[in-house]
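One structure is given below, encoded as structure tokens.
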Amino acid sequence: MKLTRCVVLAIPLLLTPSLAFAEERAPTKAESTKTTNAQTARGKAPRNEDGKIGTTRTTAAETMIPRRDVAENRADERREVQGKRWTAAPLVGYATNDMNVGVGARAGYTFETPIYVGGAFVYHFGERNSAVTPAALTETNTRFYAPAAEVGYDIGVGSVLLRPHLGAAILIEQSATTVNGRTASNTTTTPMLYPGLSAQYMFPQSPLFVGGDTRVYVPLENMSPAFSVMATVGASL
């Protein structure tokens, strides 16, 4: 009897530590939530009850946001090409009607509108003629200067800029005639208009550009119209 009583009394004493250990090992719901938040803060993906890492699905609305940003960035780049900038560029080309090879320069500013206002200067080497007769040797040299003011409208198409423009200039023609060693000079000035079109390729991430320019010289008196084509390399500021 005494042995049986001792065994019965010892059983509760043996079970008590096991139950206490089990209570310590079983986390509560609050503790589980705290652990999940800590894992998220450390950059780890929280796990589900079955031990698998949770995943997040991207909605269609979220995927559309980057596309809209790309479109806005492209529009900003186009506006940057079009307006609010200074440009300067040399010119070299050729003109018909005995004006021949020409060099010059252009500089101006494009407003946000984007209307371009600037100035240009072109010098054409003209031609040189000689005539020999029994009585005399005659040589004639002509050259042309054309300071001008220009107004145009800039149109950006990607990295290409198109600028239809109109120029108002004073065409200065200087001629020198030499007869048997004696030279006589003459200078005439003529108001002139010239419609034209410029095209420029803007290098990405660079202020430099290359392009071409076409124009039709229309003197208002003393001279017939001439067609000019020029190449240019310049910079935008």
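Observations on the model:
- Scanning segment 87-95 for residues that are among the β-branched types (Val, Ile, Thr), in contact with a Ser or Thr (Cβ under 6 Å, 6 or more places away or on another chain), crowded, with 17+ Cβ neighbours inside 10 Å and not in a loop (DSSP other than H, G, I, E, B) turns up at least one hit.
- Within segment 115-146, the set of residues being of a type in the set (A, V, I, L, M, F, W, C), more than 16 Å from Thr96 (Cα to Cα) and in a strand (DSSP E or B) comprises Ile115, Val117, Ala120, Phe121, Ala131, Val132, Leu137.
- Every residue from segment 199-226 that is in a strand (DSSP E or B) and either of a type in the set (Lys, Arg) or over 16 Å from Val92 (Cβ atoms) (or both): Tyr201, Met202, Leu208, Arg215, Val216, Tyr217, Val218, Pro219, Ala226
- Among the residues of segment 119-167, just one is surrounded by fewer than 13 Cβ atoms within 10 Å (Cβ to Cβ) and of a type in the set (Lys, Arg), namely Arg128.
- Test: residue in segment 168-186 that is among the acidic types (Asp, Glu) and over 20 Å from Gly108 (Cβ atoms): yes
- Test: residue in segment 97-108 that is touching a Phe, Trp or Tyr at 6+ places or on another chain (Cβ under 9 Å), farther than 30 Å from Ala176 by Cβ, at pLDDT 80 or above and assigned to a strand (DSSP E or B): yes
- Top-ranked residue in segment 147-189 [being closer than 20 Å to Gly83 by Cα and not in a strand (DSSP E or B); ranked as nearest to the chain's Cα centre (by Cα)]: Ser159
The values are calculated or read from the model by the stated rules, or taken from the named source; none is laboratory data. Note that the structure is predicted; figures quoted are calculated from it, not measured. Note: ideal-geometry Cβ built from the backbone for every residue, glycine included; neighbour counts use all protein chains shown.
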